[in-house]
1. Conditions first: (1) under 30 Å from residue 77 (Cα atoms); (2) loosely packed, with under 12 Cβ neighbours inside 10 Å. Residue 119 passes all but one, so which condition is the exception?
2. State whether one or more residues within region 69-82 are within 24 Å of residue 111 (Cβ to Cβ), not in a strand (DSSP E or B) and not assigned by TED's automatic domain parsing to the domain that holds residue 154.
3. Taking region 151-167 as the search range and keeping residues that are over 18 Å from the mean Cα position of the chain (by Cα) and within 22 Å of residue 184 (Cα to Cα), which one is surrounded by the most Cβ atoms within 10 Å (Cβ to Cβ)?
4. Conditions: (1) out of contact with any strand residue (DSSP E or B) (no Cβ under 8 Å at 6 or more places or on another chain); (2) under 28 Å from residue 126 (Cβ atoms). Residue 58 meets all but one. Number of the miss?
5. For residue 128, work out the one condition from (1) in contact (Cβ under 8 Å) with a residue 40 or more places away in the chain; (2) at positive phi; (3) outside the structural domain of residue 160 (by TED's automatic domain parsing) it doesn't fulfil.
6. Quick one: residue 176 ticks every box in (1) over 20 Å from residue 108 (Cα atoms); (2) assigned to a loop (DSSP other than H, G, I, E, B); (3) in contact with a helix residue (DSSP H, G or I) (Cβ under 6 Å, 6 or more places away or on another chain) except a single one, so which number is it?
7. I'd like to verify a number: residues in region 121-133 that are under 24 Å from residue 174 (Cβ atoms) and assigned to a loop (DSSP other than H, G, I, E, B), how many?
């Protein structure tokens with residue numbers, strides 16, 4: 001009889017514990033919103049793995065091995081943005097966005113991107129990798145207008161490795177050689193990676 005009473009108490013205690021666990025789980029998840037999506041390459045649509053991005057301009061997060069991300073917050077919206085500006089995104093996700101959101105950007109500023117930019121007719125030349133780079137000159141604007149390109153003055157906050165930016169510039173340089181001959185090289189800035197700057201050779 002005593003054993004039956006203990007068994008009854010054990011079952012009652014288990015039900016109470018289960019109820020409490022369920023209650024606390026629901027309380028902890030109350031007011032939590034999860035935002036999911038995937039970040040892909042603007043060049044070929046491939047997933048960007050371990051890609052770092054900003055959440056609400058304050059903290060960093062990153063994608064998984066398939067380019068997916070999941071962010072849980074008490075807010076009903078969250079702002080995601082890239083660290084660098086070229087082909088970057090800055091968007092606000094809301095509850096109504098769903099889980100199939102896809103964001104497009106780039107991860108490497110290399111020769112593959114250069115080919116893509118040339119096809120889009122929006123290529124650039126990376127230059128000015130220094131704490132105090134050469135300031136833009138009036139001749140820079142003239143060069144950009146004449147050869148339909150633009151300078152990207154890097155400074156000391158590199159969007160990619162010097163090797164990748166150099167590879168990018170060399171593809172652009174080959175394109176300019178084919179289109180304009182060698183004359184553009186005499187007018188280009190003296191700090192363009194892979195063209196006139198020793199760090200890019």
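The values are calculated or read from the model by the stated rules, or taken from the named source; none is laboratory data. Please read all numbers here as calculations on a predicted model, not as lab measurements. Reconstructed Cβ throughout: ideal geometry from the backbone, glycine too, with neighbour counts over all protein chains shown.
1. It fails just one condition, (1).
2. Yes, the conditions are met somewhere in region 69-82.
3. Residue satisfying both the conditions and the ranking: 166.
4. Unmet for residue 58, out of (1) out of contact with any strand residue (DSSP E or B) (no Cβ under 8 Å at 6 or more places or on another chain); (2) under 28 Å from residue 126 (Cβ atoms): (2).
5. Here residue 128 clears every test but (3).
6. So the condition that residue 176 fails would be (2).
7. The qualifying residues number 6.
Residues checked against (1) under 30 Å from residue 168 (Cβ atoms); (2) surrounded by 15 or more Cβ atoms within 10 Å (Cβ to Cβ); (3) at pLDDT below 95:
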| residue | (1), (2), (3) |
| --- | --- |
| 13 | no, no, yes |
| 22 | no, no, yes |
| 26 | no, no, yes |
| 43 | yes, yes, yes |
| 55 | yes, yes, yes |
| 70 | no, no, yes |
| 89 | yes, no, yes |
| 96 | no, no, yes |
